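The values are calculated or read from the model by the stated rules, or taken from the named source; none is laboratory data. Please read all numbers here as calculations on a predicted model, not as lab measurements. Positions of Cβ are generated from backbone atoms using ideal geometry, with glycine treated the same way; all protein chains shown enter the neighbour counts. The accessibility values were calculated without ligands, DNA or RNA, using every heavy atom of the protein model including side chains. Shrake-Rupley method; radii C 1.70, N 1.55, O 1.52, S 1.80 Å.
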Amino acid sequence: MKGVTGLALIRGRCRLRYLLAREKMRQVDLTERTGYSRQQISNWVNNRELMSWDAGIAVSYVLNCHMEELYEIENIRA
């Protein structure tokens with residue numbers, strides 16, 4: 001099997017704002033359901049910090065989505 005050439009994927013912008021709206025949730029609702037602080041969630045929503053793996057699991061569970069949906073995926077070798 002040949003390897004994939006020219007593929008270099010990175011995490012792009014966080015999609016939490018969209019996902020929260022889709023689920024009709026506010027950031028404070030996500031805070032209450034996950035235990036992460038309002039500031040932490042705001043940092044993710046506003047792309048000031050990247051979510052950890054563990055946070056991504058918790059957030060995706062609460063938002064009823066796959067972890068891959070939390071961020072835009074970009075190919076930097078396109």
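General remarks:
- Helix 53-62 and the longest principal axis of the Cα set of the chain meet at an angle near 60°.
- Probe 1.4 Å, accessible area per residue of the chain, Å²: 72
- For chymotrypsin sites (Phe, Trp or Tyr not before Pro), no site in the chain is both called loop by DSSP and has at most 14 other Cβ atoms within 10 Å.
- Calculated [θ] (222 nm, deg cm²/dmol) that DSSP helices of n ≥ 4 give over the chain, each run adding -39,500 (n - 2.57): -11500 deg cm²/dmol
- For the chain, trypsin sites (Lys or Arg not before Pro) meeting the loop criterion (DSSP other than H, G, I, E, B) and having at most 10 other Cβ atoms within 10 Å: Lys2, Lys24, Arg77.
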